[in-house]
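So the structure is just underneath, and the comments pick up after that.
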Amino acid sequence: MNKSFGVALLGAGRMGMEHARTLMALPEARVLAVADPNLEAAEVARALLRAEKVYAEPLEAIQHPGVEAVVIVTPTDTHARCIEAAALVGKAIFCEKPVAKDLAETRRVMQLVEERGVPFQIGFQRRYDPPYLEARRRIEAGEIGPVEQFISVMRDPAPAPLDYLKTSGGIFVDQSIHDIDCARYLVGEVEAVHAWGAVRVDPRIGEIGDVDTTNLSLRFTNGALGVIQNSRRAVYGYDVRTEVFGAEGKLVMDATPKTPLWRYQAGVQADHYHFFMDRFKEAYRLELTAFFQALAEGRSPSPGPKDALESLRIALAASRSLKENRIVLLQEVV
């Protein structure tokens, strides 16, 4: 008989409901409590999951009797507080990225998680997207030889609301960090970065001290080189592509059509994913499934505390590089 775990879902917004639909189908998960200050949204999630109780305060839901694991999908500024509270009472933790927007707080909370021996997984969903999983397997098998270059592109269909961007931590922490994690996952650790940025989409983004269009150059410790391009606007919809080039070939994770159908008439046409939650729907399901399977089998979930910390470190190095207009070594960001 499969072991199941009592769960508290912390956050019932857009991403919280995405995870709720996965939890509903997982035999390893029994959602007992749902927390969200928006009690109406929390009640919708509770009804879907047939949970026992709704809370306005996530910290109270963590203490709900029978809860053994928490899924944190609350606003970014509350992640560290929720992780700390769960770790102190020995609950397993799945948390959307990032742990926090500054390195000191992230390191403090991740150290607590490790000291308490609490299972922890950070939500870098691309690691569970089938093309990325297969690329990692082939790279590790040596099919393309030593990696020489890494290229990743991610462009959102439109900027997030300005109120969100004001508190997001900047484009590298908020958006590029997914490409950064992919770089570490597929190629290895990064030793230096050089960032360029511009305001090409919305001048109000520049007024809040951020940029909306970036090129980030990476130098990996194994000698490979990388480039990450990000934009807050792609008029045709969500655009994500990754290429890993090696001495004996390359692997490409491309922007495939939403429907595997091409129409050939007056030109060639296909549909396209408009939003990241649409493109990575299966990856979100697989990452949460993997978390609970790891708990059931007594394994450490992945990606874990080191991945949360190192990806943020690279993102903050990129932010410093942009501000200071220079190459930044990762050893400078402590």
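Overview of results
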{"quantity": "Of all residues in the range 43-98 being assigned to a loop (DSSP other than H, G, I, E, B), buried (at least 16 other Cβ atoms within 10 Å of the Cβ) and among the basic types (K, R), the one that is modelled with the lowest pLDDT", "calculated": "K97"}
{"quantity": "Residue within the range 2-12 that is within 24 Å of the chain's Cα centre (by Cα), open to solvent by 20 Å² or more (accessible area, probe 1.4 Å) and of a type outside the set (A, V, I, L, M, F, W, C) present", "calculated": "no"}
{"quantity": "Subset of the range 277-295 [under 12 Å from G123 (Cβ atoms), in contact with a strand residue (DSSP E or B) (Cβ under 9 Å, 6 or more places away or on another chain) and either part of a helix (DSSP H, G or I) or hydroxyl-bearing (S, T, Y) (or both)]", "calculated": "Y284, E287, L288, A290, F291"}
{"quantity": "Residues that are more than 17 Å from the chain's Cα centre (by Cα) and of a type in the set (D, E, K, R), drawn from the range 13-25", "calculated": "R21"}
{"quantity": "Selection within the range 26-42 - farther than 16 Å from E57 by Cβ and either under 21 Å from the mean Cα position of the chain (by Cα) or surrounded by 16 or more Cβ atoms within 10 Å (Cβ to Cβ) (or both)", "calculated": "L26, E28, A29, R30, V31"}
{"quantity": "Tabulated pairs, the range 261-282, first touching a residue at least 12 places away in the same chain (Cβ under 8 Å), second open to solvent by 100 Å² or more (accessible area, probe 1.4 Å) and not hydroxyl-bearing (S, T, Y), C-beta under 9 angstrom, 6+ apart or interchain", "calculated": "A270/P260; A270/L261; A270/W262; A270/R263; D271/L261; M277/R14"}
{"quantity": "Residues (open to solvent by 30 Å² or more (accessible area, probe 1.4 Å), more than 23 Å from G142 (Cα to Cα) and either outside any strand (DSSP E or B) or modelled with pLDDT under 95 (or both)) located in the range 222-256", "calculated": "R233, V235, Y236, A255, T256"}
{"quantity": "Tabulated pairs, the range 157-182, first more than 20 Å from T242 (Cβ to Cβ), second hydroxyl-bearing (S, T, Y), C-beta under 8 angstrom, 6+ apart or interchain", "calculated": "A160/S168; T167/T76; S168/T76; G169/T76; G170/S319"}
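The values are calculated or read from the model by the stated rules, or taken from the named source; none is laboratory data. None of the values given here were measured: they were computed from a predicted structure. Backbone-built Cβ (ideal geometry, glycine too); neighbour counts: all protein chains shown. To get the accessible areas, we keep the full protein, side chains included, count just its heavy atoms, and leave off ligands, DNA and RNA. Shrake-Rupley method; radii C 1.70, N 1.55, O 1.52, S 1.80 Å.
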